[in-house]
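Structure incoming, see below.
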Amino acid sequence: MQNHELKIIKKVITDRLKILTFEGGLNKDASDTVELDQQSIGRLSRMDALQRQAMAKAMSVRKQNEKKSLEEALYRLHQGDYGNCSDCGEAIELERLKLKPSVLKCLDCMKV
């Protein structure tokens, strides 16, 4: 992979990491404990609040996993191991890396 291509990928990764960090701060309150005051809200409202809390927690886990895989991709980029398929060793297509910079396998190996 050429130097200018690596710079593009690095920018894609760092921009996405910034977005994930920002969104993590915004959604922090959504997964807090739901107050179950029986006098102020009905049963359906409590169930809805619990469902929103569960969805927020699941989204937070998904974003943390994405953040971790992007940080690992950035590490591979700095080590010079980035952009090659972990199975066959062939170069992964640049457009694929731009769309999902944490990808580890080429399309042919993903199909297997």
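Each reported figure results from applying straightforward, stated rules to the coordinates on display, with no laboratory input. Computed from a predicted model, the values in this text were never measured in an experiment. For neighbour counting, all protein chains shown are included, and Cβ atoms are generated from backbone atoms with ideal geometry for every residue, glycine included.
Taking 0.36 nm per residue of sequence separation and subtracting the Cα-Cα distance, how much length would be gained by fully extending the chain between K68 and M1, in nm to one decimal?
Here the answer is 21.8 nm.
How many nm separate the modelled label positions at L50 and L26, each set 7 Å beyond the Cα in the direction of the Cβ?
2.8
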